[in-house]
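**Q** Got a structure here, written out as structure tokens. Questions coming.
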Amino acid sequence: MIEIYDGSKALFEKNKQRKVLLEDDGYVKSILLDVEKRGDEALREYTLKFDGVKIDDFLVTRDEIVEAYDNVDTELIEALETSAENIEDFHRREIPQSFLFEKKGITSGQMILPLESAGIYVPGGRAAYPSTVLMAAIPPKICGVPRIVAVTPPGKDGRCNDAVLVASDIAGVDEIYKVGGAQAIAALSYGTESIKPVSKIVGPGNRFVAMAKKLVETPTEFPAGPSEVMIIAEEKSNPRFIALDMLAQSEHDPMASAYLLTTSKSLAEKVVIEIENELKILPRKEILEESLKRGGIFIILSIDEAIELSNSFAPEHLELMVNNPFSLLTKIKNAGSVFLGEYSPEAMGDYVSGTNHVLPTSGFAKFYSSLSVDDFLKKYTFQYVTKEGLKTYRGTVSTLARSEGLFAHEKAVKVRFEDEK
């Protein structure tokens, strides 16, 4: 059961425990090397071993996608389409523009181009996550990545989850493959007979997937650990809202965690009662109870202290469940995504706000941002210099080159004016 702690000392101890420890004993690396060496043959063996199903052709056919639409409720399809629309609307606003400008004979600028391909890992196992497909595939699609590939573990029947297939189609995924685990990351990175390698790999997964993403040379978005939420609340905050938001985060996984920072012991006790009542009726009780042990409720002195603690913690999700949340927004320095007010549950960010739910965890929000179009773009700069422009700055180049002992640099400029002697 979730505990109430007096003061912030216990939070520092929790913070130490949540760090992502991606250390491989050689097992994941052996899978990667095997797939790199044997390709599809190794994929088939690992799929049989880990997923319990024999797969001959990993590529999902158009007929399977059409069948998936028939198997999925219209209501769910409409919900996925609404979510996709909002995600696209938000992420289109992120797209940067190429530019050029001229100054004293120098025309310089920057070109922004999409990556050539992107690979998306879609988890299976405990649950299917069609929303993750939308979050990971729509940003590269709208910035022009020409080839988007999804990999996801097959079920015992050899099929992928129907909702995942529908979401992939809505998001514009070009290829979907029935393969999961570290072996899927290897296939995306090294390529096999069936799966061509990609330029970047994104998407959440279990610790084996996370380790594989760390070990391959293909770039990934950021290190990922168990999901988490931190809620900052005051005495008049709604305890039932808080309790259910904590439970919503906790039901993801036994390793997930939920934290409440509040100035009110009375509120803390009410939240505990609400959580206990909900545990009697919610499914996934074992997961919830295990997850709740990893978080906690912390009584602190002030909201300013809560902000300071949150910035040190750098949570994946941060909920500001206070009277005037916008007054605190500029004080937030480290968070994956921030939810303002009592009617902005983290579940909105998971599905329909439009912001991305692929977020840095375990304190990595200090260094990384949420998944965005920036993850699928590359940039190069260019310059065109007229003879007059070079003449304007040749003295500057000569002075700097001589100071660094790079005399060929100086001469490379001077030689262009030898005809003026």
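**Q** Restricting the search to the stretch 106-127, which residues are of a type in the set (Gly, Ala, Ser), crowded, with 18+ Cβ neighbours inside 10 Å and not in a strand (DSSP E or B)?
**A** Ser117, Gly124
**Q** Can you give me the number of residues within the stretch 256-305 that are within 25 Å of the chain's Cα centre (by Cα) and in a helix (DSSP H, G or I)?
**A** Residues in the stretch 256-305 being within 25 Å of the chain's Cα centre (by Cα) and in a helix (DSSP H, G or I): 5 in total.
**Q** Taking Gly336 as the residue in question, decide whether it is out of contact with any Asp or Glu (no Cβ under 6 Å at 6 or more places or on another chain) and modelled with pLDDT of 95 or more.
**A** Numbers: out of contact with any Asp or Glu (no Cβ under 6 Å at 6 or more places or on another chain): no; modelled with pLDDT of 95 or more: yes.
Considered against the rule, which asks whether it is out of contact with any Asp or Glu (no Cβ under 6 Å at 6 or more places or on another chain) and modelled with pLDDT of 95 or more, Gly336 comes out as no.
**Q** Filter the stretch 252-270 for residues that are over 15 Å from Leu320 (Cα atoms) and in contact (Cβ under 8 Å) with a residue 60 or more places away in the chain and give the result.
**A** Answer for the stretch 252-270, where residues must be over 15 Å from Leu320 (Cα atoms) and in contact (Cβ under 8 Å) with a residue 60 or more places away in the chain: Asp253, Ser257, Lys265, Ala268, Glu269.
**Q** List the number of the failed condition for Lys196; all other conditions in (1) in contact with a strand residue (DSSP E or B) (Cβ under 9 Å, 6 or more places away or on another chain); (2) under 30 Å from Phe298 (Cβ atoms) hold.
**A** Only one criterion in (1) in contact with a strand residue (DSSP E or B) (Cβ under 9 Å, 6 or more places away or on another chain); (2) under 30 Å from Phe298 (Cβ atoms) is unmet by Lys196, namely (2).
Let's see how each residue does on (1) under 30 Å from Arg62 (Cβ atoms); (2) within 22 Å of the chain's Cα centre (by Cα); (3) assigned to a helix (DSSP H, G or I); (4) of a type in the set (Val, Ile, Thr):
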position: Ala182; (1), (2), (3), (4): yes, yes, yes, no
position: Ile185; (1), (2), (3), (4): yes, yes, yes, yes
position: Val198; (1), (2), (3), (4): yes, yes, no, yes
position: Met211; (1), (2), (3), (4): no, yes, yes, no
position: Thr218; (1), (2), (3), (4): yes, yes, no, yes
position: Pro223; (1), (2), (3), (4): no, yes, no, no
position: Glu235; (1), (2), (3), (4): no, no, no, no
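**Q** Listed residues Lys178, Lys196, Lys214; which is within 28 Å of Ile55 (Cα to Cα) and modelled with pLDDT under 95?
**A** Lys214
**Q** Another question, then. Just name the residue that is surrounded by the fewest Cβ atoms within 10 Å (Cβ to Cβ) out of those in the stretch 322-338 that are out of contact with any Lys or Arg (no Cβ under 8 Å at 6 or more places or on another chain) and under 18 Å from Leu267 (Cβ atoms).
**A** Checked the stretch 322-338; the qualifying residue surrounded by the fewest Cβ atoms within 10 Å (Cβ to Cβ) is Asn324.
**Q** Any idea which residue in the stretch 233-276 is surrounded by the most Cβ atoms within 10 Å (Cβ to Cβ), counting only those that are acidic (Asp, Glu) and farther than 22 Å from Asp350 by Cβ?
**A** Glu234
**Q** Every residue in the stretch 53-108 that is basic (Lys, Arg), in contact (Cβ under 8 Å) with a residue 40 or more places away in the chain and within 28 Å of Ala187 (Cα to Cα), please.
**A** Matches in the stretch 53-108: Lys54 only.
**Q** Now a separate question. Filtering the stretch 307-321 down to residues that are among the hydrophobic types (A, V, I, L, M, F, W, C) and closer than 19 Å to Val358 by Cα, which residue is surrounded by the most Cβ atoms within 10 Å (Cβ to Cβ)?
**A** Looking at the filtered set, the residue picked out is Leu318.
**Q** If you go through the stretch 44-97 one residue at a time, how many are in a loop (DSSP other than H, G, I, E, B), out of contact with any Leu (no Cβ under 8 Å at 6 or more places or on another chain) and within 16 Å of Val173 (Cα to Cα)?
**A** Number satisfying all stated conditions: 1.
**Q** Determine which single condition Gly172 fails, assuming it passes every other condition in (1) out of contact with any Lys or Arg (no Cβ under 6 Å at 6 or more places or on another chain); (2) surrounded by fewer than 19 Cβ atoms within 10 Å (Cβ to Cβ).
**A** Tallying (1) out of contact with any Lys or Arg (no Cβ under 6 Å at 6 or more places or on another chain); (2) surrounded by fewer than 19 Cβ atoms within 10 Å (Cβ to Cβ), Gly172 fails exactly one: (1).
The values are calculated or read from the model by the stated rules, or taken from the named source; none is laboratory data. A quick note: this is a predicted structure, and the numbers were derived from the prediction, not measured. Cβ atoms come from the backbone with ideal geometry, glycine included; neighbour counts cover every protein chain shown.
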